[in-house]
Amino acid sequence: MTKAKLQQLQQVLGAPVVTGTMSLADWERIGGKKDAEIGDYVETEDGVRLITWTEANELQYIQTEAKLTPLEKELLRWALRQQSGKPGGGTDLERQARRLGEWIEQRILSGQTHAEVPDWLEIRGKLFDGMIPFLLQNDQAGDREPAYSELEKVLRSFLSDEMLLVPLQEREWLILGPDRLLLEVDSADSELVDHEETKEALFSLATGLHEMFTEQWGGECHVAVGEPIIPTESLVRAVSELRETIHLGRKFHVGMQVHMPWAVHLERLLNDIPEAARSRFMEEMMARLDLFNDPETVSTLDAFFTMDCNVSETAKKLYIHRNTLLYRLDKLKQEAGLDVRSFNDAVLVRIMLLLYKVTKRK
């Protein structure tokens, strides 16, 4: 069950709902029937426990403290079976992918981000070492959400027949592609790709994925991409990291739709600082924040930091003469006493700019 659906259920029941996993033996021990099925429930000291998924010798469940009538229990049983797709349409691969998505959600909700994909998930056999994780989110409620088969077909033609599509939350998909795609991005003549080239190739793939999706289905779409992983070992951790990456990108870089974990290290640190500490820092810097009221200054600084503080490359990116850029930087130094060509001042301005963009929108 996704986090959004879990929150909706809590609102409907008016009581907390928690998730968990347990063995079938433990289920029988607390009073559950032997041939457990999705929607089955038992009364416990802490409320009602209902099965949301079962496979091999393990099951997943939700538990609520709400006092449910017999009719409410039967309605929940019916709803859970409808959601699970048993019975349901779609290919066998789609059903396997949805089971994997449910399992990932359960692990994230319970904080088990280092969990390995269990053997009882049939799709495990289709996960191989060296897969590139992409996270695709389309949160435009008014737009048509593509069917699984429709999206899978387009992705296979864009990426590879070895690609796997895993539905997660509503309008959110995990896409796993083979790492050999990296050799097909501006590296056809090289068997080995260095780390920086790998990042550039991943960004190129994610950008192409974003463009493909928006052309096909429209709406605001965000794509995050990570470096190749061994999915059986680190799939949950990868999804969690990519979700956080998109969250940080939306928060600190409004207007950006393609996100990479290695590009938001500072943003992650700032996001974890308590709000009181961030507010105190901004108050101390208040006299210098006026410089961000000028759109030209902000765009210049954004480009300067994007180009790793390289004056010549920044001038090219902004389509201005090098001397024009130097004039803008000198003006900033005179008015605010901050020289972004100096390491310490550059770090300070970078932090101020990131926090200013967030506080300005509140």
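Amide H to amide H distances under 5 Å link residue 112 with no residue, where only residues 5 or more positions off or on other chains count and H is placed in the peptide plane.
Taking the Cα centre of the chain as the origin, how large is its charge dipole in debye, to the nearest 20, when only Lys and Arg (+1) and Asp and Glu (-1) carry charge on their Cβ atoms? Show your work: numbers first, answer last.
Working: 43 positive and 61 negative charges, 235 e Å.
Magnitude of the dipole: close to 1120 debye.
Can you give the FRET efficiency to the nearest 0.05 for residue 279 and residue 34, using r as the Cβ-Cβ distance and R₀ = 56 Å?
On the way: r = 58 Å, r/R0 = 1.03.
The pair residue 279/residue 34 has a calculated efficiency of 0.45.
Taking the C-alpha atoms only, the angle from helix 275-284 to the longest principal axis of the chain is near 10 degrees. Computed with the Debye formula from one identical point scatterer per Cα of segment 277-318, without solvent, the log10 of I(q)/I(0) at q = 0.19, 0.32, 0.35 Å⁻¹ comes to -0.65, -0.95, -1.03. How high is the relative contact order of the chain? Use alpha-carbon pairs under 8 Å, at least six apart in sequence, and give a whole percent. Once normalised by length, the contact order is 13 percent. For segment 298-355, applying the loop criterion from DSSP together with a ceiling of 15 other beta carbons within 10 Å to the trypsin sites (Lys or Arg not before Pro) yields 341.
Kirkwood hydrodynamic radius of segment 273-361 from all distinct Cα pairs, in Å? Please list the in-between numbers first.
Working: mean 1/r = 0.0742 Å⁻¹.
Its Kirkwood hydrodynamic radius stands at 13.5 Å.
The helix-based estimate of mean residue ellipticity at 222 nm for the chain, built from -39,500 (n - 2.57) per DSSP H run of four or more residues and divided by its residue count, is -16000 deg cm²/dmol to the nearest 500. Taken along the Cα-to-beta-carbon direction at a fixed 7 Å, the label points for residue 317 and residue 11 span 4.0 nm.
The numbers here are math on the coordinates, done by the rules we state, and not lab data. Quantities reported herein were computed from a predicted structural model and do not represent experimental measurements. Using ideal geometry, Cβ is built from the backbone for each residue, glycine included, and neighbour counts are taken over all protein chains shown.
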